[in-house]
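Notes follow once the structure below has been shown.
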Amino acid sequence: MMLISTRSIRSGMVLGSPVYNMRGKMLIHDRVPLTDRMIQRLLELNIQYVYIEDSLSHGIEVKETVSKKVRQETIKSIEKAFSQVKQSGIPKSVLFEESARQMTGIIGVVLQEVKENNDLLTILTDVFSYDSYIFHHSFNVTLYTLSIGLKLNLPQKQLEQLGVGAILHDIGKMCISEEILMKPGRLTEAEFAEIKLHSERGFEILRGLHSVSILVAHCAYQHHERLDGSGYPRGIKEEDIHPFAKIIAVADVFDAMTSNRVYRDAMLPHQALEILYAGAGTLFDREVIEAFRRSVAIYPNGMIIELNDDRKAIVAEQNQGVTDRPVVRIVEEGGERLESPYEIDLSKEFDVIITGFDPDFEVGIPSRT
């Protein structure tokens, strides 16, 4: 499969990965030739990139980090818990206590799948319409957070607490006006001040629960704090921020940058990671960023990349430990398309450097014979 910009797809191309809505319903099927109506639907859904099946990328696979079943069941559980808060403000109900208690079991399932998956985390494997952003965001942040925790060799009990903190870190947003949360334009000072209240409201919701650790409440409270004291709600500095909150902060910012929002388009993984590194040691914990870099596919399989020697290639396979040096399939040299593409391992080709991404690479339409 090959990852290209939605604006570059044409009728007759074959979608490599289906598009789902928030309920897990398939909106556009894969493995069938795209029509003009399907392409228009992708644009309406604000899908920026899609996977396309073609001969150049034949055999290149994009593996799921966790199964669709676990993803969908987890997101449904998140939606259920968050909806209880939305309906009742700061709930004290038995129902919400039970939902929070169930999160530990859910985290156990997700954690087991992450442990069993030896591949790097790939964030572009499934395409979802983004109307359910907050639920998918909570899931993705949990996935990234657990991966960081594993790289940092945290014990099982701490991983479970960290995972519950991640999955509930944004629950305070259920107390914020949806009109403000989904506003497409720039927020006013008053609106941004209300958005920032979600950390404190999340803390108030979670600290009163008997079913979760107080550390979970502090994850919600502190995930927007920054090492230099520039964060919120309290402006505390490095030594006062809990290690769990430092981990969730990196996962939260990364997913926010790599997700489509109503007010801006998504960045690609390598672009978001560059921004995180720019804040290493001042905004974000450097050790956490390093652990995250070792766990995520910076250049996902199927991405068309540009090299410093005027070649273009498709990312074919990931290298554990050197996530910025994948195995790539050379498909173009000196502006000329190759009849016989070949692969090189960038972890062994030290003089070859990835310099860019070509989302508008011209892809041929498969023959229908």
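Observations on the model:
- Contact order normalised by residue count of the chain, Cα under 8 Å, 6+ apart, percent: 18 percent
- Using distinct alpha-carbon pairs, which all enter the 1/r mean, Kirkwood radius of segment 221-361 in Å: 16.7 Å
- Sequence of Ser17, Ser177 from largest to smallest accessible area, 1.4 Å probe: Ser177, Ser17
- Remark: segment 168-182, residue by residue, has Karplus-estimated 3J(HN,Hα) of 10, 4, 9, 5, x, 5, 6, 9, 9, 4, 5, 4, 6, 4, 9 Hz, where x stands for each Gly or Pro and the curve is 6.51 cos²θ - 1.76 cosθ + 1.60 at θ = phi - 60°.
- On the basis of the beta-carbon distance and an R0 of 35 Å, Ser83 and His29 show a calculated FRET efficiency of 0.75.
- Coarse-grained scattering of segment 34-83 at q = 0.22, 0.23 Å⁻¹, given as base-10 log I(q)/I(0) from a Debye sum over alpha-carbon atoms: -0.97, -0.97
- Solvent-free Debye scattering, log10 I(q)/I(0), computed from the Cα coordinates of segment 138-281 at q = 0.15 Å⁻¹: -0.78
- Across segment 221-295, the volume of the C-alpha convex hull divided among the residues equals 90 Å³ per residue.
- Axial C-alpha extent at least 15 Å, average Kyte-Doolittle at least 0.5 - helices from the chain (DSSP): 133-151, 243-257
- Nonlocal amide H pairs with Leu27, under 5 Å, H built at 1.01 Å: Val19, Tyr20, Asn21
- Debye intensity ratio I(q)/I(0), log10, segment 298-364, q values 0.11, 0.14, 0.24, 0.25 Å⁻¹ (C-alpha model): -0.22, -0.35, -1.06, -1.15
- Percent antiparallel among DSSP beta bridges (both partners in the chain, rounded to 5): 85 percent
- In the structure shown, the pairs Lys80/Lys196; Lys246/Lys348; Lys80/Lys183; Lys76/Lys183; Lys151/Lys173 are assessed against 27 Å; a Cα-Cα span above that value is assigned to Lys246/Lys348; Lys151/Lys173.
- Within the assembled protein chains, the solvent-accessible surface assigned to Val322 is about 50 Å², based on a 1.4 Å probe.
- Qualifying aspartates and glutamates (Cα of each under 18 Å from Cα of Lys25; at least 8 residues distant if same chain): Glu44, Glu64, Glu73, Glu79, Asp126, Asp131
- Rg in Å to one decimal, and Dmax rounded to a whole Å, for the chain via C-alpha atoms: 21.1, 66
- With the convex hull drawn around the C-alpha atoms of segment 188-243, the volume per residue stands at 67 Å³.
- Inter-label distance, nm, simple model (7 Å from Cα along the C-beta direction), Arg101/Glu290: 4.2 nm
The values are calculated or read from the model by the stated rules, or taken from the named source; none is laboratory data. Just so it is clear, the model here is predicted, and its values are computed rather than measured. Every residue, glycine among them, receives a Cβ derived from its backbone with ideal geometry; neighbour counts consider all protein chains shown. Please note that ligands, DNA and RNA were not included when accessible areas were found on the heavy atoms of the full protein model with its side chains. Shrake-Rupley method; radii C 1.70, N 1.55, O 1.52, S 1.80 Å.
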